[in-house]
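Here's the structure, in structure tokens; my notes come after.
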Amino acid sequence: MTILDRFSQKGRVALVTGAARGLGFEIAKALAEAGAHVVLTGRTAATLEAAVAAITEAGGGASASAFDIADRAAQRETLAAIDRAHGRLDVLVNNVGARDRRPLSEMDDEAIDELIRADLLAAASLARDAAALMKRHDHGRLISVTSIGGHVAMPNDGIYPAAKQGLTGLMRSMAVEYGPHGITSNAIAPGWFATETNAALAADEDLMPFVRQRIPVQRWARADEIAGAALFLASDAASFVNGHVLVVDGGMTVRM
């Protein structure tokens, strides 16, 4: 087996949440290109169907399951459907993330609870149940998409960093708990990626001086630049990487 062979996902089944567009789609696309059958999740069926079509038209294997990530009954049904169709689950990428850019003083309890449910609690229950499937084959990859917002803070963004740091702690706990079963748990912490949701911000020329000063590579990241990190952590090439946060931010968090 060559080193390139160790990146292959042939014969494997992956589940990527929030995969209809943006970083989740690029991760799903990369896993499919490497040979996995990828189940994409999101809340809007039509958007998911378009994402699946893009992957299958390029020769990859993909299917969709539309549901709200905070719906735990729907989580369980999706995993049960994967088990019925494929008999296994090898990779889970918990990618969904919600954000509410307001001062903490302006957020009521319901808004706080909603963010924690979407960004942390949903990931915990899905990873727990996914790991139960992975244990059958003594192999699995649990990947959490966190954020550099879990390491550094910005004004008017109080709950998102707290949830992402909680997700980092969850990832490390799972690394210890599931490691003996051949299941690794790692995280990807993206920096400033240009996606559909922040296209206007990424195109704002007034912001570029700050970007050039703060990010050593002096630009926003492209959405497809997340794919290599995800494929690595999902692959046999990362079989001894466990409990690690792979920061993909162009050096933003190491610059003084």
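The values are calculated or read from the model by the stated rules, or taken from the named source; none is laboratory data. In this text the structure is predicted, and so the values were computed from the model without any measurement. For neighbour counting, all protein chains shown are included, and Cβ atoms are generated from backbone atoms with ideal geometry for every residue, glycine included. These area figures cover heavy atoms from the full protein model, side chains too; ligands, DNA and RNA do not enter into them. Shrake-Rupley method; radii C 1.70, N 1.55, O 1.52, S 1.80 Å.
Miscellaneous remarks
- Scanning region 84-97 finds one or more residues that are among the basic types (Lys, Arg) and in contact with a Leu (Cβ under 8 Å, 6 or more places away or on another chain).
- For region 149-161, filtered to residues that are of a type in the set (A, V, I, L, M, F, W, C) and surrounded by fewer than 19 Cβ atoms within 10 Å (Cβ to Cβ), the residue that is farthest from Pro180 (Cα to Cα) is Met154.
- Sole exception among (1) aliphatic (A, V, I, L, M); (2) over 18 Å from the mean Cα position of the chain (by Cα); (3) modelled with pLDDT of 95 or more for Ile55, by number: (2)
- Residue count for region 122-142, restricted to those that are assigned to a helix (DSSP H, G or I) and surrounded by 19 or more Cβ atoms within 10 Å (Cβ to Cβ): 8
- Restricting region 60-76 to residues that are touching a residue at least 12 places away in the same chain (Cβ under 8 Å), outside any strand (DSSP E or B) and not aromatic (Phe, Trp, Tyr), the residue that is most open to solvent (accessible area, probe 1.4 Å): Arg76
- If the condition is being surrounded by fewer than 16 Cβ atoms within 10 Å (Cβ to Cβ) and in contact with a helix residue (DSSP H, G or I) (Cβ under 6 Å, 6 or more places away or on another chain), then region 1-58 contributes only Arg6.
- Any pair with Cβ under 7 angstrom, 6 or more apart, that starts in region 181-198 at a residue that is closer than 23 Å to His137 by Cβ and ends at one that is in a strand (DSSP E or B) and among the charged types (D, E, K, R): Thr184/Arg141
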